[in-house]
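A short write-up of the structure that comes next.
Quick note: the coordinates plus some simple rules give every number you see, no bench work behind them. Quick caveat, the model's predicted, so the values are computed rather than measured. Glycine also receives a Cβ, built like all others from the backbone with ideal geometry; neighbour counts cover every protein chain displayed.
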Amino acid sequence: MYFPSTRNPSPKIQSPSDQKIMKNIKRPHSNPLAINILMNRYMVQRVLIDTGSSVNLITLRVYEKLGLKKVDHTKVMFPLVKLGDKTVSVAKTMNLIVILGNEVHKRTIYAKFVVVDISLSYNAILGRPILNSNNILINMDCLYLKLLALSGIVVVKRS
């Protein structure tokens, strides 16, 4: 008969760098993972990492601030369900260049985004399409993500 340990029901596997990062995070926490990324050569802050989102998303306000031209997108009309407890119409989709990381270790990714005309607490959402297709590892305990690049492992910490 197997009796699970009551002392440590969920053992954590952490590297020395994880332990160093965790010293700066008050635990336990339920904070979201929001990062800064380069998008279309502009720094975009407050980008939510959301494994529950079936799309990558930017708001119309960010789309306009990025200086994107109307010819850069594809017009579509489909509903995006359960975004802020309501259904939102998507007016356009577009492929954007996203750069994750810093000058030493960075990775350039091409990803499709939907553009929505609503107010959000975040400027963009990176959802399952970009996370899964690029094998991005998310550590919610330490609030960072990791992915492979040609120069090594990219670590992007919360902003």
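Taking label points 7 Å from Cα along the Cα-to-Cβ direction, HIS29 and SER121 give a separation of 1.4 nm.
Classify region 26-157 as rounded, prolate or oblate, taking a ≥ b ≥ c as the square roots of the eigenvalues of its Cα gyration tensor: rounded when a/c is under 1.5, otherwise prolate if a/b is larger than b/c and oblate if not. Don't skip to the end; give the middle numbers.
Values: a/c = 1.92, a/b = 1.32, b/c = 1.46.
It is oblate, given that a/c is not under 1.5 and a/b is not larger than b/c.
Each part gets one Cα centre, and for region 124-151 versus region 32-64 those centres are 13 Å apart.
Less than 9 Å Cβ to Cβ from ALA149, Lys/Arg counted +1 and Asp/Glu -1: what total charge do the surrounding residues give? It would help to have the intermediate numbers written out before the result.
Values: positive: LYS106, ARG107; negative: none.
Value of the local net charge: +2.
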